Structure formats: C-alpha cells, structure tokens
Amino acid sequence: MERREFIRVCATGIAATGVPSGFAAQDAAPALYARAKLVDAQGRPLRASAIPANKNFVFLYPFASTPCFLLNLGKRAKAGSVLKTAANQSYEWKGGVGPAGSVVAYSAICAHQLAYPTRQISFISYRAQAGGANKLGQVIHCCAEHSQYDPSDGARVMAGPAPQPLAAILLEHDARTDEMTAVGTLGGEMFNQFFAKYEFKLSLEHGGAARQAVSGTAVVSELESYCRQQVRC
Ligand code: FES
C-alpha cells in the first residue's frame with residue numbers, strides 16, 4: 001500500500017485528516033464543507049503549478065451559486081497574518097498552496113455590499129496592474145465602491161469601505177499529484193446575506209438549487225469566459 005503523500009492545507013490549521021487544529025475558542029473557526037476537487041471544463045484535475053500567473057479564474061463553492069476566485073499570484077503568498085472578521089473574530093492566514101506557495105482562493109462576494117461576478121457582469125476581479133481608480137497593483141478590486149483586498153495576505157482590506165477580508169477558501173494541495181481540493185472557508189462568510197439579498201435573482205437563475213452544496217468536483221473557468229462583461233475602474 002502506498003504511503004499517502006503529505007497534503008498541505010491552505011489558510012488554516014486543518015490537518016490532512018480534515019480536523020481543525022490550532023484555533024483558540026474565540027477565533028473564527030474554519031467552516032468545513034463538502035470536498036470538491038478543482039477540475040477544468042473537461043473534468044481533468046487542475047495542477048497548481050500549471051495555473052497561469054496573474055489571471056482571474058473562478059469556480060463555484062461551497063454552494064452552486066457562490067463564486068470564488070482562484071489566483072496564482074506569481075509569488076509566494078505571505079503567511080502568518082492575523083486577520084479579523086467584522087464581528088471582531090480573529091483568525092490566522094496560513095498562506096498559499098502549490099509548489100511555489102502562490103495559489104490562493106477567496107470567496108468572490110465583496111464583503112461590503114455583496115457585489116459578485118455574475119454570468120452577465122462582474123464589478124470585482126483581481127488586477128495585476130495599477131490603473132484608473134485602482135492605485136494599487138496585485139489587488140482584488142471591487143468597482144462598486146472601490147474596496148480593495150490583498151490576495152497575497154489573506155485578502156485583508158487595503159482600501160475602501162469593506163469591513164473585513166474576503167472569506168478565504170481552504171485548499172488542500174496534494175504534493176504528489178499537484179492537485180487541489182476545496183474543503184471549506186475561513187473568515188467572514190457572507191453566504192447568508194448573499195442568499196437573502198439575491199433571493200429572487202438566484203431563484204430565477206438556479207431554481208431551487210442556489211444553495212445546493214458543491215461536492216466531488218468544482219469546475220474552474222477563466223473569468224473572461226465565465227462572465228460576459230468585466231467592469232474596469
Ligand atoms: S460592494 Fe464592493 S465595495 Fe461596495
């Protein structure tokens with residue numbers, strides 16, 4: 001029987017067994033959801049080292065209607081920052097995954113007023129370069145009211161009205177296969193507010209499946225193909 005390869009876990013103290021560890025009682029604990037391997041449109045597992053740097057990729061997780069960003073920052077993400085939710089719960093950001101520690105994932109629902117990438121339009125995306133209203137490079141920028149998040153540091157807020165970082169998506173990385181599996185979130189989730197605010201729109205788009213759990217696999221797409229129009233600001 002082959003010895004199971006060490007699996008590194010992004011952004012949290014979850015061990016390879018999936019058991020959270022290292023969090024004090026008052027901390028924002030990781031929220032574990034169904035496991036979903038990240039795959040391409042043909043169902044082939046994505047390899048962390050094959051993700052192009054500084055491009056926006058999206059996948060739906062942990063629910064069928066909640067988009068997330070997958071980013072290769074092209075540099076090792078920081079680790080060890082202590083971040084806080086709007087409810088003042090602290091948590092430690094553990095950095096990126098992949099051979100270079102450069103791959104990160106976050107909920108794409110803005111922590112201010114819940115702008116998110118739809119199939120028609122996206123006000124929020126990662127920007128490698130500064131320009132226009134975006135004075136900072138390498139940020140996730142929401143053009144609705146210009147909240148900007150640092151994806152290399154747990155998506156902490158760098159500018160704008162957002163009261164907390166984007167929720168991190170926890171990724172397990174298998175060092176043997178270089179494949180990644182989404183297992184949960186860490187930080188201030190906005191899912192309840194999202195479902196309440198967009199209830200009617202989501203019911204039109206998804207019927208009763210908007211809150212359906214994503215499990216097994218999650219298909220990763222380029223934002224350009226997922227979304228018809230991207231707002232630049
Ligand atoms: S909704 Fe993103 S900054 Fe207001």
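No value in this document is a laboratory result; all are computed from the given coordinates. Here the structure is a predicted model, which is why all the values come from computation and not from measurement. Using ideal geometry, Cβ is built from the backbone for each residue, glycine included, and neighbour counts are taken over all protein chains shown.
Figures for the structure shown
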item	result
Residue among 208, 137, 182 farthest towards the positive dipole end of the chain, charges placed on Cβ	137
FRET efficiency estimate (nearest 0.05) - Cβ-Cβ, residue 113 to residue 133, R0 22 angstrom	0.85
Total charge dipole magnitude, the chain, about the Cα centre, Cβ charges on Lys, Arg, Asp, Glu only, Debye to nearest 20	280
Summed residue charge, Cβ within 15 Å of residue 39's Cβ, Lys/Arg positive, Asp/Glu negative	-2
Among 118-127, 177-186, 35-44, the order from most to least packed when residues are scored by Cβ within 10 Å on average	177-186, 118-127, 35-44
Long-range HN-HN contacts of residue 217 with modeled amide H, under 5 Å	37
J(HN,Hα) series, region 84-98, from Karplus relation 6.51 cos²θ - 1.76 cosθ + 1.60, nearest Hz, glycine and proline x	10, 7, 4, 8, 6, 8, 9, 7, 9, 7, 9, x, x, 10, x
Size of region 7-230 as Cα extents on the principal axes (Å, biggest first)	38, 36, 34
Counted charge near residue 206, where neighbours are those whose Cβ lies closer than 13 Å (Asp, Glu -1; Lys, Arg +1)	+1
Nearest-0.05 FRET efficiency for residue 215 and residue 50, computed from C-beta distance (R0 22 Å)	0.40
Phi to ³J(HN,Hα) by Karplus 6.51 cos²θ - 1.76 cosθ + 1.60 over region 202-208, Hz, x for Gly, Pro	5, 5, 5, 7, 10, x, x
Residue among 157, 114, 49 farthest towards the positive dipole end of region 7-230, charges placed on Cβ	49
